[in-house]
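Notes for the one structure printed next.
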Amino acid sequence: MASRSPLRPCALVVATALALPLAACGGPDRLEGTVVAVDDTGQKDRPLGGGWVAVLEDDSLTDFLGQSGIDVPGSADLPYAAGRVLHDDVTSAGGVLAPIDDKGRFTLTATGRRTLCRLVEAPQVDLLKGCATITVPATGRLELGTGEGGLTATLDD
């Protein structure tokens, strides 16, 4: 009678355990978003193309603003944060930049609690045009609106 190796069942268990998470994955997480100008007079919102969405973790927001020479606003003033910034200030603070296309669309791959800031292109620098803190889901739709209320973030399921 041949003896069975105890390693064979272990190898099967390990292979199965490794394959299950991969089978459940449908690729990288993606959240599609749009930047719009919110019209408070009843007119239809319109897309705002160009620029970037800076995606920062809570602790890196302070670094980003400090490197840019911008005082850190309180949470009520965060939607109105403004100043001149450089791309390097975002990345050196640990953040990433998501480009906004000419139709106002962008894609995020980060999830969890993040602060999103709108950057508008200007000669030699970018202009910070408000920030909003939100818990970013793995998938869905996000609208960043800018108007009298500053920058707002709204999720659609």
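The values are calculated or read from the model by the stated rules, or taken from the named source; none is laboratory data. Please read these numbers as outputs of a predicted model, since none were measured by experiment. Counting neighbours? That spans all protein chains shown, and the Cβs are built from the backbone with ideal geometry, glycine included.
Give me a count of the residues in region 101-134 that are in a strand (DSSP E or B), over 17 Å from residue 152 (Cβ atoms) and touching a Lys or Arg at 6+ places or on another chain (Cβ under 7 Å).
Taking region 101-134 and keeping what is in a strand (DSSP E or B), we get 105-108, 112-121, 126-134.
Going one step further and asking which of them are over 17 Å from residue 152 (Cβ atoms), we end up with 105, 107, 112, 121, 126-127.
Of the ones still in play, those that are also touching a Lys or Arg at 6+ places or on another chain (Cβ under 7 Å) are 107, 127.
Residues meeting the conditions: 2.
Taking the options 146, 115, name whichever one is buried (at least 16 other Cβ atoms within 10 Å of the Cβ), touching a Leu at 6+ places or on another chain (Cβ under 6 Å) and of a type outside the set (Gly, Ala, Ser). Before you say what the answer is, go through the steps one by one.
On the way: 146 fails: touching a Leu at 6+ places or on another chain (Cβ under 6 Å).
Going through 146, 115 in turn, the sole match is 115.
Say whether the condition of being in contact with a Phe, Trp or Tyr (Cβ under 9 Å, 6 or more places away or on another chain), part of a loop (DSSP other than H, G, I, E, B) and on the phi < 0 side of the Ramachandran plot is met by at least one residue in region 76-90. Even if it seems obvious, please write down each step before you answer.
Of region 76-90, the ones in contact with a Phe, Trp or Tyr (Cβ under 9 Å, 6 or more places away or on another chain) are 85, 87, 89-90.
Okay, now just the ones that are also part of a loop (DSSP other than H, G, I, E, B), so none.
Looking through region 76-90, none of the residues is in contact with a Phe, Trp or Tyr (Cβ under 9 Å, 6 or more places away or on another chain), part of a loop (DSSP other than H, G, I, E, B) and on the phi < 0 side of the Ramachandran plot.
The combined condition, being in a strand (DSSP E or B), out of contact with any helix residue (DSSP H, G or I) (no Cβ under 6 Å at 6 or more places or on another chain) and modelled with pLDDT of 90 or more, is fulfilled by residue 98.
A single entry from 95, 130 fulfils the requirement of being surrounded by 14 or more Cβ atoms within 10 Å (Cβ to Cβ) and on the phi < 0 side of the Ramachandran plot: 95. The one condition from (1) under 16 Å from residue 47 (Cα atoms); (2) of a type outside the set (S, T, N, Q); (3) out of contact with any helix residue (DSSP H, G or I) (no Cβ under 9 Å at 6 or more places or on another chain) that residue 74 does not meet is (1).
Residue 103 meets each of the listed conditions (1) within 28 Å of residue 146 (Cα to Cα); (2) at pLDDT below 95 apart from (2).
Filter region 120-135 down to the residues that are within 13 Å of the chain's Cα centre (by Cα) and within 26 Å of residue 84 (Cβ to Cβ) and list them by number. Answer for region 120-135, where residues must be within 13 Å of the chain's Cα centre (by Cα) and within 26 Å of residue 84 (Cβ to Cβ): 131, 132, 133, 134.
So which of 63, 71 ends up being farther than 20 Å from residue 149 by Cβ, assigned to a helix (DSSP H, G or I) and either of a type outside the set (Ser, Thr, Tyr) or at pLDDT below 95 (or both)? Among 63, 71, only 63 is farther than 20 Å from residue 149 by Cβ, assigned to a helix (DSSP H, G or I) and either of a type outside the set (Ser, Thr, Tyr) or at pLDDT below 95 (or both).
Taking the listed residues 123, 137, the one that is without any contact (Cβ under 8 Å) to a residue 40 or more places away in the chain and not hydrophobic (A, V, I, L, M, F, W, C) is 123, with no other qualifying. Residue by residue through region 127-157, note down the ones that are at pLDDT below 95 and of a type in the set (Gly, Ala, Ser). Within region 127-157, 138, 140, 147, 149 qualify.
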